[in-house]
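Engineer: Sharing a structure below in structure tokens format, with a few things to ask.
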Amino acid sequence: MDGYSPIVFKDNDTFLILDQRKLPWKKEYINVKEVNDVCKAIKDMAVRGAPLIGITAAIGLYFGVKNSENWDEFEKKFNYSYDCLSKTRPTAVNLFFALNRLKEVKEEKKHVLPLHKLMKKLRATAIGIWEEQKGQDKRIGEFGSEYLKDKRSILTHCNTGTFATGGIGTALGIIKTMHKKGLLSLVYVNETRPYLQGIRLTAFELKNESVDYKIVTDNSCGMLFREGLVDAVIVGADRIARNGDTANKIGTYCLASMCKRHGITFVVAAPESTIDRTIDNLRQIPVEERSAEEVLKIGDKYFAPEGSKAIYYSFDLTDAKLIDAIITEKGVYEYPYRF
Ligand code: MRU
């Protein structure tokens, strides 16, 4: 997405976060002054998408410690920043993966390197996670486009593109790669209530790449599938357990179940860092519950009668047996999964 980098980090002091809540109408960056700004941007979904949350948190952690003048100050700031960032969003495991990469560097090099050199190493590690992600996205795009080469019409949910990874994207990266290879005829984009990541962000990215797409409401899959309009569904993931059970944007489980009923290929695309090898199955995945307000309102306006209650699970859990393939930068895994 030329001109729309979801984060900008330069000259060591400039850290900008694109406010995705304002897209596609307004291009506005949040100018990060301190680590609390990063925590707020992640919590309030100015920046989102599992891999990008991790990358942003890693740079945020470095940003939180970079001006420490001595080891004591460094240690205090590191702990504060780590704690604040790790409490922002619970489901996307990439957040913890990225923060722990920096923590490991700190533990390993703390009494080995002088403070300014450790700082450089932390900076390089944070930027390195972003660079790695770009490469992983490309490989996922290659593996995915090969696996799905006979599928012409794809449906996707939420946003898994540049605005979710900082690279070409995971599920959307596959779609972009298929388009470049001339394999695609049409992409159906689920609007993705209540944040509308599909209608606002995925549509914006597809338009930018000149991919033909149609936006559909989140509850359209039954009719689309019955009419034979969709060949495959590709989604991203926020956390994958060892047995392949997957947490992803609310609505994913319904899609996977309907795919099974209609014999439609259902694929999850994610970097290996989304696989949580410390948990066995979906029962151990923490599912973020966000404020009911976010469901009751559209933009600033309440649509429900005053006093209405709502429940907002940000993610749902899909059993591995509903997933035909999980595609990572290492290749294509097919059910049954043994991560
Ligand atoms: O709440 P979000 O917008 O952070 O949720 C994003 C998703 O569910 C994506 O599908 C997932 O993070 C994969 S992003 C490559």
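Since every read-out is calculated from the coordinates, none of them should be taken as a lab result. In this text the structure is predicted, and so the values were computed from the model without any measurement. So basically every Cβ, Gly included, is an ideal-geometry build from the backbone, and we count neighbours across all protein chains shown.
Engineer: Looking at (1) surrounded by fewer than 18 Cβ atoms within 10 Å (Cβ to Cβ); (2) more than 29 Å from GLY299 (Cβ to Cβ); (3) in contact with a strand residue (DSSP E or B) (Cβ under 7 Å, 6 or more places away or on another chain), which is the only condition PHE63 fails?
Structural biologist: (1) is the only condition that PHE63 fails.
Engineer: Shifting gears a bit: Only one of these is crowded, with 17+ Cβ neighbours inside 10 Å and out of contact with any helix residue (DSSP H, G or I) (no Cβ under 8 Å at 6 or more places or on another chain): ARG277, ARG290, ARG283, ARG338. Name it.
Structural biologist: Numbers: ARG277 fails: crowded, with 17+ Cβ neighbours inside 10 Å; ARG283 fails: crowded, with 17+ Cβ neighbours inside 10 Å; ARG338 fails: crowded, with 17+ Cβ neighbours inside 10 Å.
The unique qualifying residue is ARG290.
Engineer: Another one. Among (1) farther than 16 Å from CYS39 by Cα; (2) assigned to a helix (DSSP H, G or I); (3) over 22 Å from the mean Cα position of the chain (by Cα), there is one condition HIS111 misses while meeting the rest; what is its number?
Structural biologist: Evaluating HIS111 over (1) farther than 16 Å from CYS39 by Cα; (2) assigned to a helix (DSSP H, G or I); (3) over 22 Å from the mean Cα position of the chain (by Cα) leaves (2) as the failure.
Engineer: Mind checking which residues of the stretch 173-199 are within 11 Å of the ligand (Cβ to nearest atom) and farther than 19 Å from MET1 by Cα?
Structural biologist: Matches in the stretch 173-199: ASN190, THR192, PRO194, TYR195.
Engineer: Quick one: which of ILE7, ILE17 is among the β-branched types (Val, Ile, Thr) and in contact (Cβ under 8 Å) with a residue 40 or more places away in the chain? Before you say what the answer is, go through the steps one by one.
Structural biologist: Working: ILE17 fails: in contact (Cβ under 8 Å) with a residue 40 or more places away in the chain.
Within the list ILE7, ILE17, the selection yields ILE7.
Engineer: Can you name the residue in the stretch 210-228 that is crowded, with 16+ Cβ neighbours inside 10 Å and not in a helix (DSSP H, G or I) and, of all such residues, is nearest to the ligand (Cβ to nearest atom)? Step through it out loud before you land on a result.
Structural biologist: Going through the stretch 210-228, the residues crowded, with 16+ Cβ neighbours inside 10 Å turn out to be 211, 213, 215-216, 218, 220-221, 224-225.
Next, from what is left, pick out any that are not in a helix (DSSP H, G or I): 211, 213, 215-216, 218, 220.
Values: VAL211: 17, TYR213: 17, ILE215: 17, VAL216: 17, ASP218: 13, SER220: 18 Å.
Selected residue: ASP218.
Engineer: Among the strands (runs of 3 or more DSSP E) contained in the stretch 266-339, which hold 1 or more residues that are more than 20 Å from the chain's Cα centre (by Cα) and away from the ligand (no atom under 16 Å from the Cβ)? Before the answer, list the steps.
Structural biologist: Values: elements: 315-318, 325-328, 331-334.
Once the strands (runs of 3 or more DSSP E) in the stretch 266-339 are filtered for at least 1 residues that are more than 20 Å from the chain's Cα centre (by Cα) and away from the ligand (no atom under 16 Å from the Cβ), what remains is 331-334.
Engineer: What is the residue count in the stretch 35-90 for residues that are within 16 Å of the ligand (Cβ to nearest atom), without any contact (Cβ under 8 Å) to a residue 60 or more places away in the chain and among the charged types (D, E, K, R)?
Structural biologist: Count: 4.
Engineer: Run down LEU18, LEU118 and say which single residue is under 23 Å from the mean Cα position of the chain (by Cα) and crowded, with 18+ Cβ neighbours inside 10 Å.
Structural biologist: Details: LEU118 fails: under 23 Å from the mean Cα position of the chain (by Cα).
Among LEU18, LEU118, only LEU18 is under 23 Å from the mean Cα position of the chain (by Cα) and crowded, with 18+ Cβ neighbours inside 10 Å.
Engineer: Select from the stretch 138-172 the residues that are assigned to a helix (DSSP H, G or I), within 13 Å of the ligand (Cβ to nearest atom) and more than 12 Å from the chain's Cα centre (by Cα) and write down the one among them that is surrounded by the fewest Cβ atoms within 10 Å (Cβ to Cβ).
Structural biologist: First, pick out the residues of the stretch 138-172 that are assigned to a helix (DSSP H, G or I): 138-147, 162-165, 171-172.
With the extra rule that they be within 13 Å of the ligand (Cβ to nearest atom), the set shrinks to 140-141, 144, 162-165, 171-172.
The next check asks that each one be more than 12 Å from the chain's Cα centre (by Cα); those that pass are 140-141, 144.
On the way: ILE140: 31, GLY141: 27, GLY144: 25.
Looking at residues that are assigned to a helix (DSSP H, G or I), within 13 Å of the ligand (Cβ to nearest atom) and more than 12 Å from the chain's Cα centre (by Cα), I get GLY144.
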